1. Every residue in segment 52-86 that is at positive phi and touching a residue at least 12 places away in the same chain (Cβ under 8 Å), please.
2. Mind checking which residues of segment 46-86 are more than 27 Å from the chain's Cα centre (by Cα) and polar (S, T, N, Q)?
3. What are the residues in segment 52-84 that are aliphatic (A, V, I, L, M) and not in a loop (DSSP other than H, G, I, E, B), if any?
4. Restrict the check to segment 14-27 and report whether at least one residue is within 30 Å of residue 73 (Cα to Cα) and at pLDDT below 75.
5. Can you name every residue in segment 85-119 that is closer than 30 Å to residue 29 by Cβ, among the hydrophobic types (A, V, I, L, M, F, W, C) and not in a loop (DSSP other than H, G, I, E, B)?
6. Give segment 51-92 a look and list any residue that's over 19 Å from residue 35 (Cβ atoms) and at pLDDT 90 or above, or say none.
Amino acid sequence: MQVRKMPKPPSDLNNTQVMPNPVLEKRTRRQFSADFKLRIIAEADACKHGELGGLLRREKLYSNQLADWRPEYAQHGVQGLSKSLPGPVPSMTPDQRRIAQLEKDNARLSRKLDIANDCLDLQKKAFTIFDHLKNGNEQ
């Protein structure tokens, strides 16, 4: 004798779908203010032997960040610490990048045109050879 199972009753939960938080989806680089950098440099200078690692861990920083901030502060003062954008300065303006892209596309299309012209020349030569063979056999 087989036992038939009853279907599950509908769920009491209205919406079981998980919606991601858009704020957590895109991670961005941390940007530090000049005041924060200045405070960290001062605290790092006041640290005794062995305390610097604890400071960096507490602030979630890397030693190379501190090593970059110190010469910036020494050379340019507070102004050197207040960089506006992270990362290197772009080597080309948007117009220059567009021109370079267009020149690259132009070179690519010129190569394609040269290949197409070479194919046409080859077809013409093959046609003349076949034409000579055909005319030579009839005479």
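1. none
2. Once the filter is applied, which keeps residues that are more than 27 Å from the chain's Cα centre (by Cα) and polar (S, T, N, Q), segment 46-86 yields 75, 79.
3. At the first step, the residues of segment 52-84 found to be aliphatic (A, V, I, L, M) are 52, 55-56, 61, 66-67, 74, 78, 81.
Correct list: 52, 55, 56, 66, 67, 74, 78, 81.
4. Step one: of segment 14-27, the residues within 30 Å of residue 73 (Cα to Cα) are 27.
Those still in the list that are at pLDDT below 75 too: 27.
The answer is yes; a qualifying residue exists.
5. 99, 100
6. Hits for segment 51-92 are 51, 52, 53, 54, 57, 62, 63, 64, 67.
The values are calculated or read from the model by the stated rules, or taken from the named source; none is laboratory data. Source: prediction; values computed, not measured. Because the Cβ atoms are built from the backbone with ideal geometry, glycine has one as well, and the counts that use them run over all protein chains shown.
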